[in-house]
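Following: one structure in structure tokens, then a few remarks.
The values are calculated or read from the model by the stated rules, or taken from the named source; none is laboratory data. Not measured: the values here are computed from a predicted model. Glycine also receives a Cβ, built like all others from the backbone with ideal geometry; neighbour counts cover every protein chain displayed.
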């Protein structure tokens, strides 16, 4: 009996030393690319970390009656049928180091420029419980983007969730990068989350922000386009967990998610492979919940820091009424809509001022900017409506009031134009539009 107990203990110690301290085992019965079906793991929990031999690591994505489904995150060797799956009893987690500021990182704690893991890594929950509403404060402090058209007309506050939406190549990412550059010297940590971007795109963003001195307070968290879809799906949640760590220490954090349409497509692909019932546009029924529980992390923490989120969504043909766009519009506190037509005209940033909205508006503006912004917006929208009607009319035949409206509108449009990486402070914006008060 004593020998039996000694052998059991020694066997357990051997498994621990070889990283095989497992609760139970199962066998791989089906393989669908990065989705693996396993039988035998009867006591695993949802989102538990699972090892498949020494080949791969994944997490429990679905628990069925006779089997479980594992989504693979890392794969060293190809998985084959009858490979042994080991439960770990551990929750699937990401890894992070405070030395990651100024670097390009992934959810596994790797520096993507050097290909090496950071030192002093600590485990980080991929998703935390949402902060209760009673612990949230009022959003009232402005977060200046340095873009006159936003700060003056559609302002963003610390703790707000403002959607940036528009067609491809209309300047969505550039608005967010300009906003990051404008936070220099303002004690705000910026996190840029790239979902499904190419390595070239991410490196270009890194070098541009480095040239502007913005990487000193910025983390670029990325899941490249050639990585497994489960990694792309979880990366934005990891980014918000990092933001929560800093916000709880009374820091202000700006998070850019680029972009949520790509994230939705990845989640749809995973869901279809897992066997979830497809709904509208083949998206699963929980796609709204998937994004809402991500974006609701944005808030002003009472007596603490804040998390401001700028999610990006790419549209086609200027249609902001598609399924994913309308979902995210309903979750966020407003949207900056970019127009390809304005972009082609050279009106950059190409903001469609008629469709854009900030639901907080003047609540996050200083009183003088609030009054000026209200006048500029009223004159601008009136001009845009007039311009569409009288675009081909003879200017000389117009009434004096109409001529004055068109002159004022053209001057506003001209002053709203900005080159990239040329932020304006509030005083410069005020100076540029003081003619509105004089007219």
Exercise for the section: Considering every residue within segment 66-84, establish whether at least one is under 14 Å from residue 274 (Cα atoms), in the same structural domain as residue 40 (by TED's automatic domain parsing) and in contact with a helix residue (DSSP H, G or I) (Cβ under 6 Å, 6 or more places away or on another chain). Expected result: yes
Exercise for the section: Taking residue 296 as the residue in question, decide whether it is in contact with a helix residue (DSSP H, G or I) (Cβ under 8 Å, 6 or more places away or on another chain) and surrounded by fewer than 18 Cβ atoms within 10 Å (Cβ to Cβ). Expected result: yes
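Enumerate the strands (runs of 3 or more DSSP E) found wholly within segment 118-221, keeping only those where 3 or more residues are at pLDDT 95 or above and either surrounded by fewer than 15 Cβ atoms within 10 Å (Cβ to Cβ) or assigned by TED's automatic domain parsing to the domain that holds residue 349 (or both). It would help to see each step written out before you state the result.
Details: elements: 122-125, 163-167, 188-197.
Hits in segment 118-221: 163-167, 188-197.
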Problem - Matching entry among 354, 346, 409 (being more than 22 Å from residue 180 (Cα to Cα) and crowded, with 19+ Cβ neighbours inside 10 Å) - result: 409
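Is it true that residue 412 is at pLDDT 90 or above and more than 30 Å from residue 211 (Cα to Cα)? Before the answer, list the steps.
Working: at pLDDT 90 or above: yes; more than 30 Å from residue 211 (Cα to Cα): yes.
Answer is yes for this residue.
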Exercise for the section: Just need a number here: residues in segment 159-174 that are closer than 21 Å to residue 426 by Cα and touching a helix residue (DSSP H, G or I) at 6+ places or on another chain (Cβ under 8 Å). Expected result: 1
Exercise for the section: Determine which member of the set 308, 277, 321, 290 is within 30 Å of residue 136 (Cα to Cα) and free of Cβ contacts under 8 Å to residues at least 40 places away in the same chain. Expected result: 290
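Tell me, which residue of segment 63-80 that is in a loop (DSSP other than H, G, I, E, B) and in contact with a strand residue (DSSP E or B) (Cβ under 6 Å, 6 or more places away or on another chain) is farthest from residue 39 (Cα to Cα)? Talk me through it step by step, then tell me what you get.
Kept after step one, since they are in a loop (DSSP other than H, G, I, E, B), are these residues of segment 63-80: 64-67, 76-80.
Now restrict to residues that are in contact with a strand residue (DSSP E or B) (Cβ under 6 Å, 6 or more places away or on another chain): 67, 79.
Details: 67: 5, 79: 15 Å.
Looking at the filtered set, the residue picked out is 79.
Going through 261, 297, 250 one at a time, which residue ends up being part of a loop (DSSP other than H, G, I, E, B), touching a residue at least 24 places away in the same chain (Cβ under 8 Å) and within 26 Å of residue 229 (Cβ to Cβ)? Give the steps one after another, and end with the answer.
Working: 261 fails: part of a loop (DSSP other than H, G, I, E, B); 250 fails: within 26 Å of residue 229 (Cβ to Cβ).
The match here is 297.
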Fill in the blank from the handout: Checked 21, 61 against criteria (touching a helix residue (DSSP H, G or I) at 6+ places or on another chain (Cβ under 7 Å), at pLDDT below 95 and either assigned by TED's automatic domain parsing to the domain that holds residue 128 or crowded, with 17+ Cβ neighbours inside 10 Å (or both)); the one match is 61
Fill in the blank from the handout: Of the residues in segment 81-96, those that are assigned to a loop (DSSP other than H, G, I, E, B) and surrounded by fewer than 17 Cβ atoms within 10 Å (Cβ to Cβ) number 2
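Kindly indicate whether any position in segment 380-387 is within 31 Å of the chain's Cα centre (by Cα) and at pLDDT 85 or above. It would help to see each step written out before you state the result.
Restricting attention to segment 380-387, the residues satisfying the condition of being within 31 Å of the chain's Cα centre (by Cα) are 380-381.
Filter once more, keeping what is at pLDDT 85 or above: 380-381.
Taking every residue of segment 380-387 in turn, at least one turns out to be within 31 Å of the chain's Cα centre (by Cα) and at pLDDT 85 or above.
Taking the conditions exactly as written (within 25 Å of residue 196 (Cβ to Cβ), assigned by TED's automatic domain parsing to the domain that holds residue 190 and without any contact (Cβ under 8 Å) to a residue 40 or more places away in the chain), does residue 339 satisfy them or not? Quick ask: steps written out before the conclusion?
On the way: within 25 Å of residue 196 (Cβ to Cβ): yes; assigned by TED's automatic domain parsing to the domain that holds residue 190: yes; without any contact (Cβ under 8 Å) to a residue 40 or more places away in the chain: no.
Answer is no for this residue.
Any residue at all in segment 365-373 that is part of a loop (DSSP other than H, G, I, E, B), within 32 Å of the chain's Cα centre (by Cα) and either surrounded by 13 or more Cβ atoms within 10 Å (Cβ to Cβ) or at pLDDT below 90 (or both)?
At the first step, the residues of segment 365-373 found to be part of a loop (DSSP other than H, G, I, E, B) are 365-366.
Filter once more, so that each one left must be within 32 Å of the chain's Cα centre (by Cα): 365-366.
Right, trim to either surrounded by 13 or more Cβ atoms within 10 Å (Cβ to Cβ) or at pLDDT below 90 (or both) and you get 365-366.
Within segment 365-373, one or more residues are part of a loop (DSSP other than H, G, I, E, B), within 32 Å of the chain's Cα centre (by Cα) and either surrounded by 13 or more Cβ atoms within 10 Å (Cβ to Cβ) or at pLDDT below 90 (or both).
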Practice task
Write out, first by first residue and then by second, each pair whose Cβ atoms fall under 7 Å of each other, whose residues are 6+ apart or on separate chains, and whose first residue, in segment 63-74, is over 24 Å from residue 232 (Cα atoms) while the second is in a strand (DSSP E or B).
Solution key: 66/39; 67/29; 67/37; 67/38; 67/39
